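Report on one structure; see the data block that follows.
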Amino acid sequence: MQYYKRFESRTPYIPVKFSLTRDVFFDVIGVVFIFIGLDYLIWRWNYSINWDIPVISLPLFIAEVLSFIGSILTVINYWGHKDVKKKKFVRFLGEIKDLEEDEEDRPLKIDVFIASYNEELEIVEDTIKDATQLKYPFDDVSIKIHLLDDGRRDGRDPEKENFKELAEKYDINYFVREDNVGFKAGNMNNAYVQTDGDLIVVLDADTRVFPNFLKNTTGYFRNKNLAWVQTPQWFYDIPQGVSLRKCLSKKIPVVGNIIGRLIPKSDKWIVGKNIFGTDPRLFYDIILRRRNAANAGFSCGAGSVQRRDALEKLGIKEREERIQSKLKEASKKGNIDLVSYEQELHKTEPFRPFAHHISEDIFTSILLHNEGWESYQHPDVECKMLSPQTLDDTVKQSKRYAEGTLDIAFSKHNPLFKKGLDWRQKAAYLETIWSYLSPFWLAIFMLYPTYFFFTLQAPLKAFNFDFFLRIVPFLLLNVAIAAIGNWGVSTKRSEQYYMAGIWVKFMAFLNVVFGKKIKFNVTKKSVTKRTNPSFKHIWPHLTWVIVTLIGFSYNIYLVSTNNHPSYSALFANTYWMIFNFYQIIPFIRAGFWKNDYDVKTANC
């Protein structure tokens, strides 16, 4: 039995209710934060940089500036909200598009794409079962389910499970191709040209839709300029954690229970919750929903509904651009019949409505937004999915997201240079790109306390009253805008993994810059019992912690011998170190995590 079966009774979260009062409060605090931040940085430049060691002090100042830019982008993208009232589901094509003069109205056609590559048959079968239970109030609306098998498990290899037979079992269509060109996008494009649904539901192999998925999403397409609706991806198998008392009782039988009883409220302290930092609620329930106000939320693929017309027009344009590019190259070579060559290209050049890219979802979103199409992030959870179950799988997934986004940033398709995007859309896409550049300032924030502990050189002239007078309000306001903007959603684990992910993002950056071929790593859906710690992912963090503690111990020795040169600097850097440890330690713990799904004694 698959591990996730024991979580079937879990119910999704209720979306945050935005309010005008809280929005106004956030806007005011956001503006104040920007002015306070600017004042702090101006003061830092004029009065606090230690010009005796500019090689050390200037990078820290630059890191603060870069981090502040990210905060400004957050304020911009959290500015207001635009939840659209849910509209009645659609029956006829004419309700979602303007019909041509000679085009007769007809009932809607809906295709459901289930993209699969290497997942276990039982996982895909559960997805198919739930898709066949989709409810729609009109019998004349065609709903066709298609299994898109990119693993060629059609019976040709007796050692592989037969997915063609699985499709036949549930009377759904089965598509297979002979290569994996374009990864998931190529898989969907192969199915696209063999289907004709007006709306296309995109599901991953583990995306199990709820019965009312279509009833709750098709109505939005009454807006005839809407290209897609994205629903939240809810991971229902994320570890929920256990109380500290139960954890101690498990780790240290008998004695642990006694210790737990001695610790106040140990039965209410939850440990081991969302250990891999994979809960996407903050992203879907806050970040993407906020971007509705700027028509800037991007599609994330699984759990989305796409308009065929929008994809069709995009595919035609993209195909023509490729043809013209090849003609231009051919004309430079000479000795070629361009007319015949163009006719040949129109016959052979593939049609790609879903853009071929490692991050096909955000890439296609950028192109559609650039053409003037609109998007919408639906607030309610309409499906459930499986999360990465090991740190290795989590890192692979994060690295793919980082490499895909950075690859777009360093290409001609960088959204900042798209003429069809307005400034708020560009700011939204820039915020996403900016988050993957964070290692360049987060690493400095992490390493500076360590540097100080060994050299006793402070990047500031002095950690004096003027410094704390400015830094404290700045930091408090930074916390305030995060708390108000993300009201109702826990951000602790997301913030921790944001900092802990610097090594993964940095390696992704190097891979993109040096042109290393990016791999499309499919997130593993099954669970493999881990026996050894994942040192290959946590060794940089462990090394940093050990070295920092050695340096801190050296400072304690200096204090004990009354030889420390600056107690204020030691205090500031000690606090800084503790905060950094708080952010990093959960990632290190995840490297030692064992997959234990005993509900009564869950891993802690």
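The values are calculated or read from the model by the stated rules, or taken from the named source; none is laboratory data. Note that this is a predicted model, so its numbers are computed, not measured. In this analysis, Cβ positions are derived from the backbone assuming ideal geometry, glycine residues included, and neighbour counts consider all displayed protein chains.
Tabulated data
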item: Residue within region 320-336 that is of a type in the set (Asp, Glu), under 29 Å from the mean Cα position of the chain (by Cα), at pLDDT 90 or above and within 29 Å of Trp373 (Cα to Cα) present; result: no
item: Residue list for region 296-332, restricted to those being among the small types (Gly, Ala, Ser) and assigned to a helix (DSSP H, G or I); result: Ala310, Gly315, Ser325, Ala330, Ser331
item: Residue that is modelled with the highest pLDDT [pool: residues in region 14-34 that are out of contact with any Gly (no Cβ under 8 Å at 6 or more places or on another chain), under 21 Å from Gln233 (Cβ atoms) and crowded, with 16+ Cβ neighbours inside 10 Å]; result: Pro15
item: Tally, over region 198-256, of residues that are of a type in the set (S, T, N, Q) and part of a helix (DSSP H, G or I); result: 2
item: Gly155 without any contact (Cβ under 8 Å) to a residue 12 or more places away in the chain and closer than 23 Å to Leu214 by Cβ; result: no
item: Restricting region 272-293 to residues that are of a type in the set (A, V, I, L, M) and surrounded by 20 or more Cβ atoms within 10 Å (Cβ to Cβ), the residue that is farthest from Gln496 (Cα to Cα); result: Leu288
item: Unmet requirement for Asp198, which otherwise passes all of (1) touching a residue at least 40 places away in the same chain (Cβ under 8 Å); (2) touching a helix residue (DSSP H, G or I) at 6+ places or on another chain (Cβ under 6 Å); (3) farther than 23 Å from Asn187 by Cβ; result: (3)
item: Verdict on Tyr554 being more than 27 Å from Leu41 (Cβ to Cβ), aromatic (Phe, Trp, Tyr) and assigned by TED's automatic domain parsing to the domain that holds Ala443; result: yes
item: Asp52 in contact (Cβ under 8 Å) with a residue 12 or more places away in the chain and surrounded by fewer than 16 Cβ atoms within 10 Å (Cβ to Cβ); result: no
item: Selection status of Tyr341, farther than 30 Å from Asp130 by Cα, of a type in the set (Phe, Trp, Tyr) and not in a loop (DSSP other than H, G, I, E, B); result: yes
item: Top-ranked residue in region 355-370 [being among the polar types (S, T, N, Q) and in contact with a Leu (Cβ under 9 Å, 6 or more places away or on another chain); ranked as nearest to Gln230 (Cα to Cα)]; result: Thr364
item: Extreme residue, surrounded by the most Cβ atoms within 10 Å (Cβ to Cβ), among residues of region 118-134 that are at pLDDT 95 or above and assigned to a loop (DSSP other than H, G, I, E, B); result: Leu134
item: Search result, residues across region 123-152 that are free of Cβ contacts under 8 Å to residues at least 40 places away in the same chain and of a type in the set (Val, Ile, Thr); result: Ile145
item: Residue under evaluation Glu168, criteria (1) in a loop (DSSP other than H, G, I, E, B); (2) in contact with a strand residue (DSSP E or B) (Cβ under 8 Å, 6 or more places away or on another chain); (3) free of Cβ contacts under 8 Å to residues at least 12 places away in the same chain, criterion not met; result: (1)
item: Some residue of region 377-399 being buried (at least 23 other Cβ atoms within 10 Å of the Cβ) and closer than 23 Å to Ala294 by Cα; result: yes
item: Asp179 assigned by TED's automatic domain parsing to the domain that holds Tyr376 and free of Cβ contacts under 8 Å to residues at least 24 places away in the same chain; result: yes
item: When residues of region 55-92 are limited to those that are under 22 Å from Trp441 (Cα atoms) and not hydrophobic (A, V, I, L, M, F, W, C), the one farthest from the chain's Cα centre (by Cα); result: Ser57
item: Residue satisfying condition, being within 30 Å of His146 (Cβ to Cβ) and either outside any loop (DSSP other than H, G, I, E, B) or of a type in the set (Phe, Trp, Tyr) (or both), within set Asp39, Asp102, Asp111; result: Asp111
item: So Asn335, is it among the polar types (S, T, N, Q), out of contact with any strand residue (DSSP E or B) (no Cβ under 8 Å at 6 or more places or on another chain), without any contact (Cβ under 8 Å) to a residue 40 or more places away in the chain and assigned to a helix (DSSP H, G or I); result: no
item: Check on Glu360, surrounded by fewer than 23 Cβ atoms within 10 Å (Cβ to Cβ) and either acidic (Asp, Glu) or closer than 19 Å to Ala428 by Cβ (or both); result: no
item: Residue satisfying all of: in region 42-54; assigned to a helix (DSSP H, G or I) and more than 20 Å from Leu476 (Cβ to Cβ); nearest to the chain's Cα centre (by Cα) among these; result: Trp45
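One line per residue, one yes/no per condition, for (1) touching a helix residue (DSSP H, G or I) at 6+ places or on another chain (Cβ under 9 Å); (2) of a type in the set (Phe, Trp, Tyr); (3) in the same structural domain as Trp228 (by TED's automatic domain parsing):
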| position | (1), (2), (3) |
| --- | --- |
| Phe354 | yes, yes, yes |
| His357 | yes, no, yes |
| Phe363 | yes, yes, yes |
| Asn370 | yes, no, yes |
| Ser375 | yes, no, yes |
| Pro379 | yes, no, yes |
| Thr405 | yes, no, no |
| Ala409 | yes, no, no |
| Ala443 | yes, no, no |
